[in-house]
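Here is the structure we will look at, set down as structure tokens.
The values are calculated or read from the model by the stated rules, or taken from the named source; none is laboratory data. Everything numeric in this text was worked out from a predicted model, so none of it was measured. Ideal geometry is used to build each Cβ from the backbone, glycine not excepted, and the neighbour counts take in all protein chains shown.
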2 protein chains.
Amino acid sequence: MSSILTVGTVAFDAIETPFGKTDRIVGGAATYISLAASYFSKPINVVSVVGDDFPQEALDNLVHHGADISGIQVKKGEKTFFWSGKYHNDMNTRDTLATELNVLADFNPVLPEAYKACDFLMLGNLTPAVQQSVMDQIPVRPKLVVMDTMNFWMDIAMDELKAAIARIDVLTINDAEARQLSGEYSLVKAAQKILTMGPKYLVVKKGEHGALLFNKESVFFAPALPLEEVFDPTGAGDSFAGGFIGYLASTRDVSFENMKRAIIFGSAMASFCVEKFGTERLQNLTHKEIDERVQDFIDLVQFDISLVNN
Amino acid sequence: MSSILTVGTVAFDAIETPFGKTDRIVGGAATYISLAASYFSKPINVVSVVGDDFPQEALDNLVHHGADISGIQVKKGEKTFFWSGKYHNDMNTRDTLATELNVLADFNPVLPEAYKACDFLMLGNLTPAVQQSVMDQIPVRPKLVVMDTMNFWMDIAMDELKAAIARIDVLTINDAEARQLSGEYSLVKAAQKILTMGPKYLVVKKGEHGALLFNKESVFFAPALPLEEVFDPTGAGDSFAGGFIGYLASTRDVSFENMKRAIIFGSAMASFCVEKFGTERLQNLTHKEIDERVQDFIDLVQFDISLVNN
């Protein structure tokens, strides 16, 4: 087991999907990442910021799941980051109804001393400057640095984003973002280009269409599990990232072969996440449930062909 | 080896993609199906209709690839079916620029006697009435009946279409069509519903996102191969169908396990098809190339997880 450090939002979300809507519930990238990773490796050292409106019981719940929250700043008299969104019927697109940055507006991450010996670093989606600041505070380069980002930073801070990307090992983005970042439509060409920008690995998340893992020589594809209902996609990408880095940290093996397994475990965590609103489904999973879900992935793609003409 | 009977269009296409455009070239569902299937099983008995503007050398080419064309009617003084389309940059959507039914307008398929002992029947996309007429002319039910169709028939002839679907074993449609046919958004629910309409198997083609195979108990997913360039998607679905039924006919095994393999061989044929304009890439493949392509699919999805907690 190795320590995981993650930076990302701890937030309130209000979500509307075709299946219902929630008032403010606890969400945020670091929340989903920590919960998903906690099934594989502990502790999860969390760097984030909330306002004093954030409930102590939600912080206690993270601790209960194995998070160290000494890196979560609580800002007196300020409010927690809030996001509200409404998903369309196809669940692949959503409208953002509200984004209130609040404490995030001037977030200056400060790593507790105990966090600085970090083996596995998961940079959740945040401004590239904050992601870089976290890297700057770690004196010995981690064994693996994984970074998530989004199109928003490509629109307004591409240079900063590229500077951050140049320092990492694994970039996780979706297919549209891979196209935007590279200027290439073909995902194969996009990956080739992005892998010249610094990362050794690229994960392209395609939502209900699965995920691709590229390095310079190889490509691996993991499907998404066909589900009867996708109840709420919020947090799926972060649950994926949490399962991915959690599995890698638990095995301390960052080979391409092991990353394939990590992609499957990450996909399994994402498939749980979308079954209920918010983080609900990630609160009380068993290892037996996770293994059964991974077996579903094996059954989904496994086939047996003997090539006689080779 | 078993005989394959296919009915479908033999046509002229004029295609424009971001990579170039063609004048009239030979296309049509039955052409792609026959070419793709011919690498696995011969003969391919073809039922279709063309005008006397259709070049003899194109018919000779089908014979050269192992097709029996005695079931292709040549209508004196009439013109061959013509389709013209332009693909958008993403290659997933296209505009139809022209559809000239010509000989197809009153196509009345007549099966030569020698075709009537049919083990594997591939009903290419055509009016459901023509597909039913072909089934009506076969005295002993084939070992396997596979049918392709499209949203157009759902829009204008849903009842006839459902009557045809009730008689078949495997339906191949795309994801939007599965949703339209079932009225369910979730593909899992859509499949469950469609499998109550008659077919024992449903193949949902998702283009660059791969294909799903459902029966009542199981689901299998095959990815599409990530390609550097998709040159021309025309015929990909029919090449898939041809490889699928060709492989099944060559093995005479219609179990779910073998259908998984057939899906992979079908996907391989589709991946070749899109590499060049029209049928060009399907003209001179080697079995070594096909096996290497299937190996690419194996490498793409293969992973090795030992579940210790089960």
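Which one of the conditions (1) modelled with pLDDT of 95 or more; (2) of a type outside the set (D, E, K, R); (3) crowded, with 23+ Cβ neighbours inside 10 Å; (4) more than 16 Å from the chain's Cα centre (by Cα) does A:Val230 fail to meet, given that it meets all the rest?
(1)
From the list B:Phe240, B:Phe272, exactly one residue is in a helix (DSSP H, G or I), away from chain A (no Cβ under 12 Å) and without any contact (Cβ under 8 Å) to a residue 40 or more places away in the chain. Which is it? Break it down into steps so the answer makes sense when it comes.
Working: B:Phe240 fails: without any contact (Cβ under 8 Å) to a residue 40 or more places away in the chain.
Exactly one residue qualifies, and that residue is B:Phe272.
Which residues, counting only those in segment B:189-206, are under 18 Å from B:Phe297 (Cβ atoms) and within 8 Å of chain A (Cβ to nearest Cβ)? Spell out how you get there, then give the answer.
If we filter segment B:189-206 for residues that are under 18 Å from B:Phe297 (Cβ atoms), which is where we start, we get B:203-206.
B:Lys206, the sole residue that qualifies.
Residue check, B:Gly51 against (1) surrounded by fewer than 16 Cβ atoms within 10 Å (Cβ to Cβ); (2) in contact with a strand residue (DSSP E or B) (Cβ under 8 Å, 6 or more places away or on another chain), all met but one. Which one?
(1)
Tell me which residues, restricted to segment A:154-184, are assigned to a loop (DSSP other than H, G, I, E, B) and either in contact with an Asp or Glu (Cβ under 7 Å, 6 or more places away or on another chain) or charged (D, E, K, R) (or both).
A:Arg167, A:Asp169, A:Glu184
Suppose we filter segment A:207-232 for residues that are more than 7 Å from chain B (Cβ to nearest Cβ) and at negative phi; how many remain?
14
Of the conditions (1) part of a helix (DSSP H, G or I); (2) without any contact (Cβ under 8 Å) to a residue 12 or more places away in the chain, B:Phe221 clears all except one; give me its number.
If we test B:Phe221 against (1) part of a helix (DSSP H, G or I); (2) without any contact (Cβ under 8 Å) to a residue 12 or more places away in the chain, just (1) comes out false.
With respect to the numbered conditions (1) crowded, with 24+ Cβ neighbours inside 10 Å; (2) modelled with pLDDT of 95 or more, which one is the sole condition not fulfilled by B:Asp253?
Just one mismatch for B:Asp253, condition (1).
List pairs: first in segment A:179-200 and within 21 Å of A:Val145 (Cβ to Cβ), second among the aromatic types (Phe, Trp, Tyr) and modelled with pLDDT of 95 or more, Cβ under 6 Å, 6+ apart or cross-chain?
From residues that are within 21 Å of A:Val145 (Cβ to Cβ), the pairs are A:Ala191/A:Phe214.
Which condition number does B:Ile305 fail, the rest of (1) in a loop (DSSP other than H, G, I, E, B); (2) more than 7 Å from chain A (Cβ to nearest Cβ) being met?
(2)
Is one or more of the residues making up segment B:169-188 within 14 Å of chain A (Cβ to nearest Cβ), β-branched (Val, Ile, Thr) and surrounded by fewer than 18 Cβ atoms within 10 Å (Cβ to Cβ)? Steps first, please.
Looking only at segment B:169-188, we keep the residues that are within 14 Å of chain A (Cβ to nearest Cβ), and these are B:174-176, B:178-180, B:182-188.
From the residues that got through so far, the ones that are β-branched (Val, Ile, Thr) too are B:188.
From the residues that got through so far, the ones that are surrounded by fewer than 18 Cβ atoms within 10 Å (Cβ to Cβ) too are B:188.
Yes.
Checking B:Ile44 against (1) touching a helix residue (DSSP H, G or I) at 6+ places or on another chain (Cβ under 8 Å); (2) at pLDDT below 95, which test does it fail?
(2)
Taking the residues in segment B:81-95 that are among the charged types (D, E, K, R) and more than 13 Å from chain A (Cβ to nearest Cβ) as candidates, determine which candidate is farthest from A:Tyr185 (Cα to Cα). Lay out the reasoning, then the answer.
The first filter runs over segment B:81-95 and keeps only residues among the charged types (D, E, K, R), leaving B:86, B:90, B:94-95.
Checking the rest, the ones that are also more than 13 Å from chain A (Cβ to nearest Cβ) come to B:86, B:94-95.
Numbers: B:Lys86: 18, B:Arg94: 16, B:Asp95: 20 Å.
The extreme case among them is B:Asp95.
Quick one: which residue in B:Lys116, B:Lys86 is in contact (Cβ under 8 Å) with a residue 40 or more places away in the chain and among the charged types (D, E, K, R)?
Working: B:Lys116 fails: in contact (Cβ under 8 Å) with a residue 40 or more places away in the chain.
Selected residue: B:Lys86, the only one of B:Lys116, B:Lys86 that is in contact (Cβ under 8 Å) with a residue 40 or more places away in the chain and among the charged types (D, E, K, R).
Checking the condition modelled with pLDDT of 95 or more and crowded, with 23+ Cβ neighbours inside 10 Å, which residue from A:Val219, A:Val203, A:Val140 passes? Before the answer, list the steps.
Numbers: A:Val219 fails: crowded, with 23+ Cβ neighbours inside 10 Å; A:Val140 fails: crowded, with 23+ Cβ neighbours inside 10 Å.
The match here is A:Val203.
Tell me the strands (runs of 3 or more DSSP E) entirely within segment B:1-95 that contain at least 2 residues that are β-branched (Val, Ile, Thr).
On the way: elements: B:4-7, B:11-17, B:25-27, B:44-51, B:67-75, B:82-87.
Qualifying strands (runs of 3 or more DSSP E): B:4-7, B:11-17, B:25-27, B:44-51, B:67-75.
Going by the structure shown, is A:Leu104 part of a strand (DSSP E or B) and touching a residue at least 40 places away in the same chain (Cβ under 8 Å)? Steps first, please.
Values: part of a strand (DSSP E or B): no; touching a residue at least 40 places away in the same chain (Cβ under 8 Å): yes.
Answer is no for this residue.
Give the number of residues within segment B:275-289 that are buried (at least 21 other Cβ atoms within 10 Å of the Cβ), part of a helix (DSSP H, G or I) and not basic (Lys, Arg).
Total meeting the criteria: 1.
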